[in-house]
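Just below is one structure, and these are the notes that go with it.
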Amino acid sequence: MIEAGARRREIDEVASELFHANGYAATSVRDIAKALDIQGASLYAHVASKEDVLFSIVDRAATAFEQASAAAEADTTNGDPVERLAALVEAHVDVVTSDPERASVFVTEWRHLSADRRAAIAQRRDAYERRFRDAINDGIAVGAFRATDPAIAATFILTALNGIATWYRPDGRLSADRIADHYVDLSLRSLSEDHR
C-alpha cells in the first residue's frame, strides 16, 4: 500500500506530465486516475479537485523558483549586478531543466486557477520577476548594461528562459549546465552590446 504523502506526490507528477502534454483544460480527472491505474473516485480520497492538483504543482514550482533565486542572490554578495543577473539566469535554467513538465505547467497553466489562487500566484510571479528587473536596473545605473527598459528586458530574458521547458530533454545534445552557460552569455550580451 502506498503511503498518503507518496501517493499525493505521484498524483502531482502524473498530472504534471499530462497537463504539460495535453494542457489543463484537456486533461480530466479520469485521465489522471487512468494514468495512475486507479478509479476516479479513489483519486478524490487524495485531492478535492483537479484545480487543487494544478495549484499544488504551480505552488511547488513557484517555491522552487523562489528558493533558487534567493540562493543565487545570496551567493553574489559583492553587489555586482552582472554577476547577480548571471546567477539568476543560471538558477532559473536549473529549476526548469530539473523538472521541465512542472516548469511548463507553471508557466502556461496557472491561468486556469480560481481568481484568488491566480492572484496569489501572480503576486509571487511579479516578485520573482522583480529580482531580474532590479538586477538589470542596477546594472544600468552603474553602466554595466546599456540603457533600456528594465521591465521589458526582464520579460525578454524570462520568456526565453521559460521556453526551455518546451524543448529541453535530459538526453539531448547539451547538458543543463551548458544550456545555462549559453543562456547566461546571451542574456548578458543582449544587455551590454549596442546592436544598432
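The values are calculated or read from the model by the stated rules, or taken from the named source; none is laboratory data. What you are looking at is a predicted structure, and each value in this text was computed from that prediction instead of being measured. Here the Cβ positions follow ideal geometry from the backbone for every residue, glycine too, while neighbour counts run over all protein chains shown. In case anyone asks, the SASA skips ligands and DNA or RNA and just uses the protein heavy atoms, side chains included. Shrake-Rupley method; radii C 1.70, N 1.55, O 1.52, S 1.80 Å.
Quick notes on this structure:
- The helices (runs of 4 or more DSSP H) located wholly in the stretch 65-159 that include 3 or more residues which are under 17 Å from LEU188 (Cβ atoms) and open to solvent by less than 40 Å² (accessible area, probe 1.4 Å) occupy 81-98, 115-141.
- For the stretch 164-178, the candidate set comprises residues that are open to solvent by 20 Å² or more (accessible area, probe 1.4 Å) and assigned to a helix (DSSP H, G or I); within that set, the residue that is nearest to GLU101 (Cα to Cα) is THR166.
- Close contacts from the stretch 14-28, counting a first residue that is surrounded by 13 or more Cβ atoms within 10 Å (Cβ to Cβ) and a second that is assigned to a loop (DSSP other than H, G, I, E, B), with Cβ to Cβ under 8 Å and a gap of 6+ residues or different chains, come to ALA15/THR27; SER16/ASP99; LEU18/THR27; PHE19/THR27.
- ARG178 vs. criteria basic (Lys, Arg), at pLDDT 95 or above and over 20 Å from GLU73 (Cβ atoms): yes
- Across the stretch 42-57, a minimum of one residue is classified as outside any loop (DSSP other than H, G, I, E, B), open to solvent by 20 Å² or more (accessible area, probe 1.4 Å) and under 16 Å from GLU101 (Cα atoms).
- Where GLU129 falls short, out of the listed (1) touching an Asp or Glu at 6+ places or on another chain (Cβ under 8 Å); (2) closer than 18 Å to ALA68 by Cβ: (1)
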